[in-house]
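Here's the structure we're looking at; comments come further down.
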Amino acid sequence: QLSTKLPKLSSCRPKTVIVDATGIKVQGEGEWKVKVHGKGRPRKWIKLHVAIDERTQEIVGEMSTEATVDDGKAFPKVMQQVKGRPKNVIGDGAYDDRDVRDWIRKKGGKSLIPPPSNGVCHGTDLERDDAIKVIRAFGGDKTAKSIWGKLSGYSRRALVETTFSRYKKMFGERAFSRTQERIVVENRLKCVLLNKMMRAAI
C-alpha cells in the first residue's frame, strides 16, 4: 500500500501542541464556473487534522479523514504521532469532549480548550470548571472568553491558523488525488514539505 512507508513528519518533542482541522476540496467545479453555469458534479471535502509544535510551528501529527469525522474523534490518532509527552494541548471548542480531556490528562498534560458559553461545572474536570468560572467572572461574553484566552495561553491557538494559511498558499485548497489512500499520502507529503520549508527558514 502507498501509505505504509510514509516519511516521518518531525523529530520534535514539543512542550505545547496545538491541534485543529481544516477542509480541503477533493473534487467539484470551480467557484466561478458554478456561479456562471450552475452546479455540475457535487463538491467533495475531506478534513486535514494536524497537531503543531507551538515553538517551531512544525506539524508533528496529521490525519486525513472524511469531512464528517469529528475533530475529537480524530484527536487520539493525531496525537499518537507526537513524540514525548506535551505539557499543554491547545484546541478550540470542537475538542471540548470528555474523551479528549481524559486522554490529555492520562498523558500528564494540561488541556487549554474553551468550554461552551452555556458550559456547566460538573466537578469532574477541574481545568474545565476553572475556565468556566474565570469566563463567568469576567462577564461570560466574547470579551470574557478573550481575556481567559490571554490569561491561560489559549490565544496561542492562532498559530495553527497560520500553519493552514501557509499550507494553502503553498499547495492550494484542492487535493490532486481522488482516492482516499492517495489523499492520505498526498497530505502527508505536503506536511513533510511544509516542515522542511519551516526548518530552512529558522
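By how many degrees, between 0 and 90 and to the nearest 10, does the Cα long axis of helix 126-137 differ from the longest principal axis of the chain?
It is inclined by approximately 80 degrees.
Hey, if you put +1 on the Cβ of every Lys and Arg and -1 on every Asp and Glu Cβ in the chain, which of 132, 185, 164 ends up farthest toward the positive end of that dipole?
So the residue furthest toward the plus end is 185.
With N set to the number of residues, divide the alpha-carbon radius of gyration of the chain by 2.2 N^0.38 Å and report two decimals.
Details: Rg = 18.4 Å, N = 202, 2.2 N^0.38 = 16.5 Å.
Taking the Cα Rg and dividing by 2.2 N^0.38 Å, one obtains 1.11.
Express the relative contact order of the chain as a whole percentage, based on alpha carbon pairs under 8 Å and six or more residues apart in sequence. Numbers along the way, then the final one.
Working: 328 pairs, mean separation 51.7, N = 202.
So the answer I get is 26 percent.
Once amide H atoms are built 1.01 Å from N in the peptide plane, which residues 5 or more positions from residue 20, or in another chain, come under 5 Å H to H?
Answer set, sorted by chain and number: 50.
Could you give the angle, 0 to 90 degrees to the nearest 10, between helix 180-201's Cα long axis and the longest principal axis of the Cα atoms of the chain?
Its long axis makes an angle of about 70 degrees.
Calculate, in nm to one decimal, what residue 133 and residue 181 gain on full extension: separation in residues at 0.36 nm each, minus their alpha carbon distance.
Full extension of this stretch gives 12.8 nm more.
Run the simple label-point estimate for residue 105 and residue 44 please: 7 Å along Cα→C-beta, distance reported in nm.
Placing both labels 7 Å along Cα→Cβ, they lie 4.0 nm apart.
Mind ranking 73-86, 136-149 by how tightly packed they are, going by the mean number of other C-beta atoms within 10 angstrom, highest first?
73-86, 136-149
In degrees between 0 and 90, to the nearest 10, how far off the longest principal axis of the chain does helix 142-152 point, with axes built from Cα atoms?
The two axes meet at around 80 degrees.
Roughly what would the spin-label model give for residue 67 and residue 200, points 7 Å off Cα along C-beta, in nm?
Spacing of the two 7 Å Cα→Cβ label points: 3.3 nm.
With a 10 Å radius around each residue's Cβ, average the other Cβ atoms per peptide and rank 90-101, 170-181, 13-24, highest first.
Values: 90-101: 19.2, 170-181: 13.2, 13-24: 20.8.
The peptides rank, most packed first, as 13-24, 90-101, 170-181.
Specify whether the C-alpha gyration tensor of segment 152-202 places it in the rounded, prolate or oblate class, a ≥ b ≥ c being the square roots of the eigenvalues: rounded for a/c under 1.5, otherwise prolate if a/b is larger than b/c and oblate if not.
On the way: a/c = 2.38, a/b = 1.67, b/c = 1.42.
Here segment 152-202 falls in the prolate category.
As a quick test, which of the pairs 15/73; 168/190; 25/168 have an alpha carbon distance above 19 angstrom in this structure?
Over 19 Å apart, Cα to Cα: 15/73.
Leaving out ligands, DNA and RNA, and with a 1.4 Å probe, what % of the accessible surface on the chain is carbon or sulfur?
Of the solvent-accessible surface of the chain, carbon and sulfur hold 53 percent.
Alpha carbon centre of segment 103-166 versus segment 167-202: separation in Å?
29
How much length is gained if the chain between residue 151 and residue 15 is pulled fully straight, taking 0.36 nm per residue apart and subtracting their Cα-Cα distance, in nm to one decimal?
Working: separation 136, 0.36 × 136 = 48.96 nm, distance 1.82 nm.
Taking residue 151 through residue 15 to full extension adds about 47.1 nm, to one decimal.
Pick out, from 100, 114, 151, the residue whose Cα sits farthest towards the positive end of the charge dipole of segment 96-172, with +1 on the Cβ of Lys and Arg and -1 on the Cβ of Asp and Glu.
151
Under the classification rounded if a/c is under 1.5, otherwise prolate if a/b is larger than b/c and oblate if not, where does segment 72-147 fall, given a ≥ b ≥ c as square roots of the Cα gyration tensor eigenvalues?
It is prolate, given that a/c is not under 1.5 and a/b is the larger ratio.
What is the extension gain from residue 87 to residue 143, computed as 0.36 nm multiplied by their sequence separation minus the C-alpha to C-alpha distance, in nm to one decimal?
17.5 nm
Using a 1.4 angstrom probe, figure out how much accessible area the chain has per residue, in square angstrom, rounded to the nearest whole.
57
The values are calculated or read from the model by the stated rules, or taken from the named source; none is laboratory data. Since the model is a prediction, treat every value here as computed from it, not as a measurement. Counting neighbours? That spans all protein chains shown, and the Cβs are built from the backbone with ideal geometry, glycine included. All accessible areas refer to the heavy atoms of the entire protein, side chains included, with ligands and DNA or RNA removed. Shrake-Rupley method; radii C 1.70, N 1.55, O 1.52, S 1.80 Å.
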